[in-house]
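Have a look at the structure below, then the notes.
We did not get these values from a lab; they are worked out from the coordinates using the rules stated. No experiment lies behind these values; they were computed from the predicted model shown. Positions of Cβ are backbone-derived with ideal geometry, glycine not excepted, and every protein chain shown enters the neighbour counts.
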Amino acid sequence: MQVTQPAPGSRVEEKLYNVRFKTDEDQSHLIVMDAQMCARCTDKPCTTFCPVNVYKWETGDRKITVSYEKCVECGACRIGCPYFNIEWRYPKGGFGVQYKFG
Amino acid sequence: MILSAPDRYDVVVVGAGLAGTAASYLLAKAGMNVLCVERGEEPGTKNVMGGILYRQPTEKIIPGWWKDAPTERPIVDERLWLLTQDSMVQAGFRSARYGEEPYNAFSVLRVKFDKWFADQAIAAGATLVTNTVVEDVIRENGRVVGVKTGRDQGDIYANIVIAADGVNSLLSKRAGLHGELAPNQVALVTKEVINMSREKIEDRFLLNPNEGATIEIFGDSTMAMLGYGFIYTNRDSLSVGVGALLSDFIRKKINPNVLMEHFKNHPMVKKLLEGGEAKEYMAHMIPEGGAAAMPPVYSDGILVVGDAAGLSNPIYREGSNLALISAKLAVQVCVEAHQRGDFSAHALSRYKTLLDESFIMDDLRAYSKTSQFFQKKPEFLEKYPGLLVDALHELLTVDSVPKRAKQRKILRQVLANRRPWDLAKDAIGALRSLT
């Protein structure tokens, strides 16, 4: 079987190089409230529908890690988590994504 | 800017997007003391839309706006594509009339436009404070009397709060107006701005210098999810986006960037983007529940406008205009309320009446019907595009078969896929839901 590599520039991680962020180093504006809940969640849809892959299931630790620093603040996880288990706030004033074009 | 606390204003507007800035501008023009609070570094840095702003509704805020505002291109050509994996059915409307004053629509990039728009509000006398998150409303005796910001001593008092804080509108939830939207009441859209030279854009899209085109792309663009893709021409870039209902992303376990790459790599889309350089990737939600999903838009001391109020009509690519017009109606009510000194829910309910009487609610009620119909009919996404393409393929392939035999073959093929009764019901249902 031929393994196809993703085309250059097609991965979200590469696309985010172009996006400007001002990261709040002190605190995450996204908090998974109950880690047990994620362990019980079968589909873990947040790991799929987040447009920038903020959420990742760590099999070893049995928990979701939250890379809030690349969040573009769309709000989909707030609505899409089947257990409303994500506390979603805006980053502190002036922090978070800063679009250049919009 | 430092706020001296406690500050008091006639109106505090939360959010410097289209609705918030329009409200601030008009309130200042009406001589009111207005503060607009924005969480971004500058107005626009948090704001995303596909990119089409309409001339006439925007003139209801600032007459002749397009002569000064940073627009990209006036839109003279609007195209509609229906894609399958290897084919396309297309329709469109182009008019030279749209290429001359007073124009119909312009492509815009929100970061540039919103900055300009906010400058107009400031020049009119509004106060703008940026880098500031509004965290809650302040209540006294059950009435909203101001907002709490994330700043020290950041309480701001006002007779009326206008929530213009976009699709996520945490403020209207804090004010108790809103529950949470359901995943089938929002679309999740990703967009890329792709640089391309002016000449190349004009050649590829068959445009005269400084004319613009839009393409709305249905079918295979969304991997059979309810939504569509788009390509809009800017001055020297393209806005390329694709979105679908959040509930469809969840159900089909599709990642939005995977959808974006699928869309960009469709052979017919790829050809248009070739050689372009991606400059920014973004994601945004659009309220798509229509009238059925709207929260109450007023309460004691508070009004909700634009996306925060769920005002969008995606099938006609309208949203920016609804934001602007709702802001204008809200301002009218604010001015009346101040004349009477009455900021009660009863006085502010006039805003809902004005919305109801405007084209906005008429369109949004119709849109609810459309959205509910197509959500229940996956055939329109999964079956009909392929049948239509096969039928056209049969009809337009010249192969020495009599036309009547071809027509019979098409009919057999369609009926093999869908019973006549269901076909009729779908056709009538689709027409009804759209009218």
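A few remarks follow.
- Checked against the criterion of being in contact with a strand residue (DSSP E or B) (Cβ under 6 Å, 6 or more places away or on another chain), farther than 20 Å from B:Y281 by Cβ, outside any strand (DSSP E or B) and charged (D, E, K, R), region B:169-187 contains one or more residues that satisfy it.
- Whether a residue is in contact with a Lys or Arg (Cβ under 8 Å, 6 or more places away or on another chain) and over 25 Å from B:D165 (Cβ atoms) was assessed, and A:D43 passes this test.
- Residues being within 14 Å of chain A (Cβ to nearest Cβ) and either of a type in the set (A, V, I, L, M, F, W, C) or buried (at least 16 other Cβ atoms within 10 Å of the Cβ) (or both) - total across region B:137-163: 7
- Residue among B:M260, B:M285, B:M294 that alone is more than 28 Å from B:V147 (Cα to Cα), among the hydrophobic types (A, V, I, L, M, F, W, C) and either facing chain A (nearest Cβ under 9 Å) or in contact with a Gly (Cβ under 9 Å, 6 or more places away or on another chain) (or both): B:M260
- Matching entry among B:L311, B:L322, B:L303, B:L272 (being in a strand (DSSP E or B) and in contact with a strand residue (DSSP E or B) (Cβ under 9 Å, 6 or more places away or on another chain)): B:L303
- Contact map, region B:301-317: residues that are under 14 Å from B:M285 (Cα atoms) paired with residues that are assigned to a loop (DSSP other than H, G, I, E, B) and among the polar types (S, T, N, Q), Cβ distance under 7 Å, separation 6+ or inter-chain. Pairs shown: B:A308/B:S169.
- Positions within region B:385-423 being surrounded by 11 or more Cβ atoms within 10 Å (Cβ to Cβ) and outside any helix (DSSP H, G or I), in sequence order: B:V401, B:R418
- Residue match in region B:225-241 (condition: within 19 Å of the chain's Cα centre (by Cα), closer than 14 Å to B:P314 by Cβ, of a type in the set (G, A, S) and part of a helix (DSSP H, G or I)): no
- Any hit, region B:253-267, residues being within 22 Å of the chain's Cα centre (by Cα) and under 15 Å from B:F359 (Cα atoms): no
- The set of residues from region B:290-300 being buried (at least 24 other Cβ atoms within 10 Å of the Cβ) and part of a helix (DSSP H, G or I) comprises just one member, B:G290.
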